Amino acid sequence: MRDVATLAGVSLKTVSRVVNLEPHTRPEVVARVRAAIAELEWSPNASARTLRTGRTGLVGIGVAELRRPYLATLVEAIVAEADRRGIPVAVEPTHGDPDRARSLLAARGRVFDGVVHIGPIAPGVATDGGLADRPVVVVQGGRPVEELDRVDEDVVDAVVLVARHLAVMGRTRPVLLGHDRAWRRDDESGHPSAAMRAALSTARIDTDGVACVEIPGVADRRAGARAAAEALVRNPALDALLCVNDEVALGALATLAAEGVEVPGRVAVIGYDNLDDGRFATPTLTTVDPGPRRLARAALELLADRLAGTAQPEPRAVTTGVVLVRRESTLGEGQR
Amino acid sequence: MSRRPTLADVGAVAGVSAKTASNVLLGRPEVSPATRAAVLAAVDEVGYHVNLAGRGLASGRTGRVAVVVPNLYQPYFAELAERLMLALEEHGLTTMLRVAHDECAEIDAALGPTTQDVDGVIVCPHHFTAEHLAGGEPRRPLVQLGGGPNDAVDCVVMGEATGSEAMTRHLLETGRRRIALVWNNPPGTAPWGDRFEGYLAALTAHGVPRDDALVVSGSDWDRRASGYEAMVGLLRSGTAFDAALCVNDAIAIGVMRALRSHGRRVPQDVAVAGFDDTDEAEFTTPALSSVSPEQPEMVRAAVRMLLERIDGHAGPPRRVRTGAHLVLRASTAVA
């Protein structure tokens, strides 16, 4: 460390501040210290550092799994944003297991300085210190179960955009595959969600007949293929499928193609997540883009403020914008 | 917040010294079963957690492994990363996932000082080769998973030649003769490597001449758009073809879309095949034929070699070749 300080022409204290990501160091000094560290291939002994400072310099990202392509996209966006800020991250898949989520959050202060948790935190998982010394930021967690900083996209705007698009296109008999994204697990009123019902009513679509084919397990392509088949049997007159995510919508497209149902001639299909796949599907998929980069940027900003001790004591909630991406599965061919 | 319980607290409750409590938690043999039980009960009672930082200082181990992938947007890498994490976890190891978007970042994550506090590294490379080590050794145990064979480190070599030879043979046996390659060599360079050799071997066996006008590639080889782009180039060249063998599924999906946009039917006019058998292949329209590289086997081999290195195995670099098999779907059905 002394060598690093000498080469960079700064004090030991300054090297320590840069290594521990403390604020109030001029960017050119940070750059000089980093260059010296790289040149000398010096590696701060993080175990010793943790004992001394109580900081590990590492942020944990909790995510159900990486095999869901949207989650991989969001994790990638968070990792890229953390890289940009010079914050090393480790990704921990929780597989929806409360015990795994518990051990991830309990690792704050020992392994991680803080945690970005993607999706709702299971009830009963302790998040103490989540606003103070061991921050937790929840991304796309829906309604908060604890007092924590959180970032969500504007799901109400999303259902408004979808309902209006349906109405403009003259679709009046939609069926939901999986819940709509404004719906929450603690929503007593069932499907569709109150926000979706309001949006459909505003768009003059009768909400009484809107059925929902529930998807009990993982909402992947296979589940979407199965749910679409069920929807066709239960509601042969349906003219639109509103899917909980793009994977389900892509599975539904496979079923509709196999059954010879024209898309969008007879049935329009709308997904959610704006996966890259949807641009290349046959037909290309209309979807809602929740903006993973915007979510990632907001989450890291909240976390960095907490780690730096510059955030207000109250929990903060950031809502980011969404975009309806209109493609062939509602517009028909010839549209790109 | 109240004071965190220490080993001394555990010892006091169990009626032993802190040193004995430590011996139990480190799994040292010189402790009687009764003492062990008393200490473990005391750990629960006082709510003691092992201080990993302290343990790291004492044993030199962190219990963490770095996994380096070039990106997560190509489903192959997301699936592989997930499988590695689960396999490492079975051995009580946690994973630090590094996403390295370019050559510099990849080499730095695999070899450099920014990947800290890990016992070893598994790198799924885009760029890493023996040359990056310049005759030296990695600073910590390192295993390469997939990518080109590397003589300098332990590596798991995917069944690339086997897989592409089998798929090429399948295309030939179903009547295709002009098999385009939508590949990963940078534009303007000649294709090379095991997958290409497998393709050539199958052509030779069927007496079909090689035609380099059939080899195209996009700006990169991770994105569906690059497959689309490369196929547009091939269509514009006027070269006749009746099949497209793609370097991976993401590229194949872009290729299928480009063919459809240009009025070519799959599989009637052109058969399309991918590589990797990712989750999406089964649900494309038409469903995509692909080569399964048997990821579970690849992951098992990589984790096993890394654990052996972490435990001090010092032999020369090893190479494990894994298998591959065809998963045939509608995109290569007989025209």
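The values are calculated or read from the model by the stated rules, or taken from the named source; none is laboratory data. Because the structure is predicted, anything quoted here is derived from the model rather than measured. Here the Cβ positions follow ideal geometry from the backbone for every residue, glycine too, while neighbour counts run over all protein chains shown. The protein model used for the area step is the full one, side chains on, heavy atoms only, and it has no ligands, DNA or RNA in it. Shrake-Rupley method; radii C 1.70, N 1.55, O 1.52, S 1.80 Å.
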*Checklist (1) closer than 26 Å to A:ARG226 by Cβ; (2) surrounded by fewer than 18 Cβ atoms within 10 Å (Cβ to Cβ) applied to A:ALA126, failing item*: (1)
*Extreme residue, surrounded by the most Cβ atoms within 10 Å (Cβ to Cβ), among residues of the stretch A:56-103 that are assigned to a strand (DSSP E or B) and either within 7 Å of chain B (Cβ to nearest Cβ) or of a type outside the set (A, V, I, L, M, F, W, C) (or both)*: A:VAL91
*Select from the stretch A:206-245 the residues that are in contact with a strand residue (DSSP E or B) (Cβ under 7 Å, 6 or more places away or on another chain) and assigned to a helix (DSSP H, G or I) and write down the one among them that is farthest from A:LEU66 (Cα to Cα).*
A:ARG234
_I'm trying to understand the selection: among the residues of the stretch B:177-192, which are touching a residue at least 60 places away in the same chain (Cβ under 8 Å) and open to solvent by 70 Å² or more (accessible area, probe 1.4 Å)?_
B:ARG177, B:ARG178
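Any idea which of B:ALA130, B:ALA109 is over 25 Å from A:ARG84 (Cα atoms), within 18 Å of the chain's Cα centre (by Cα) and touching a residue at least 12 places away in the same chain (Cβ under 8 Å)? First the steps, then the outcome.
Working: B:ALA109 fails: over 25 Å from A:ARG84 (Cα atoms).
Residue meeting the stated conditions: B:ALA130.
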*For the stretch B:25-55, which residues satisfy the criterion of being open to solvent by less than 30 Å² (accessible area, probe 1.4 Å), at pLDDT 75 or above and in contact with a Ser or Thr (Cβ under 9 Å, 6 or more places away or on another chain)?*
B:VAL31, B:VAL39
*Name the residues in the stretch B:74-98 that are open to solvent by 50 Å² or more (accessible area, probe 1.4 Å), modelled with pLDDT of 90 or more and facing chain A (nearest Cβ under 8 Å), would you?*
B:LEU86
_Condition check: among the basic types (Lys, Arg) and at the interface with chain B (Cβ under 10 Å from one of its Cβ atoms). Does A:ARG110 satisfy that?_
yes
*Out of B:ARG177, B:ARG195, report the one residue that is modelled with pLDDT of 95 or more and closer than 22 Å to B:LEU245 by Cα.*
B:ARG177
*Do you know which residues across the stretch B:237-257 are open to solvent by 10 Å² or more (accessible area, probe 1.4 Å) and within 14 Å of B:VAL216 (Cα to Cα)?*
B:SER237, B:GLY238, B:THR239, B:ALA240, B:PHE241
*Just a yes or no: is a residue in the stretch B:288-306 modelled with pLDDT of 95 or more, part of a loop (DSSP other than H, G, I, E, B) and within 12 Å of chain A (Cβ to nearest Cβ)?*
yes
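Restricting attention to the stretch B:307-330, and to residues there that are outside any loop (DSSP other than H, G, I, E, B) and among the charged types (D, E, K, R), which single residue is most open to solvent (accessible area, probe 1.4 Å)?
Step one: filter the stretch B:307-330 for residues outside any loop (DSSP other than H, G, I, E, B), giving B:307-310, B:319-321, B:325-327, B:330.
So of that shortlist, the ones also among the charged types (D, E, K, R) come out as B:308-309, B:319, B:321.
On the way: B:GLU308: 64, B:ARG309: 42, B:ARG319: 105, B:ARG321: 146 Å².
Within the stretch B:307-330, the match that is most open to solvent (accessible area, probe 1.4 Å) is B:ARG321.
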*Given the conditions (1) free of Cβ contacts under 8 Å to residues at least 12 places away in the same chain; (2) within 20 Å of B:THR332 (Cβ to Cβ), and given that B:ALA202 satisfies all but one, which numbered condition is not satisfied?*
(1)
_Quick check on my filter: what residues within the stretch B:268-277 are open to solvent by 10 Å² or more (accessible area, probe 1.4 Å) and either of a type in the set (Val, Ile, Thr) or touching a strand residue (DSSP E or B) at 6+ places or on another chain (Cβ under 6 Å) (or both)?_
B:ASP277
*Which of the residues that make up the stretch A:294-313 are without any contact (Cβ under 8 Å) to a residue 60 or more places away in the chain and surrounded by fewer than 13 Cβ atoms within 10 Å (Cβ to Cβ)?*
A:GLY309, A:GLN312
*Would you check if A:VAL248 is assigned to a loop (DSSP other than H, G, I, E, B), of a type in the set (Val, Ile, Thr), in contact with a strand residue (DSSP E or B) (Cβ under 8 Å, 6 or more places away or on another chain) and touching a residue at least 60 places away in the same chain (Cβ under 8 Å)?*
no
*What residue, among those in the stretch A:1-30 that are basic (Lys, Arg) and not in a loop (DSSP other than H, G, I, E, B), is modelled with the lowest pLDDT?*
A:ARG17
*In the stretch B:99-115, what residues are closer than 19 Å to B:TYR76 by Cα, within 8 Å of another protein chain (Cβ to nearest Cβ) and open to solvent by 50 Å² or more (accessible area, probe 1.4 Å)?*
B:HIS101
_Contact list please: Cβ distance under 7 Å, first residue in the stretch A:261-285 and under 20 Å from A:THR172 (Cα atoms) and more than 13 Å from chain B (Cβ to nearest Cβ), second residue surrounded by 20 or more Cβ atoms within 10 Å (Cβ to Cβ) and modelled with pLDDT under 95, pairs at least six apart or on different chains._
A:ALA268/A:ARG171; A:TYR272/A:ARG181
*What do you reckon, is B:THR129 of a type in the set (Ser, Thr, Tyr), on the phi < 0 side of the Ramachandran plot and at the interface with chain A (Cβ under 9 Å from one of its Cβ atoms)?*
no
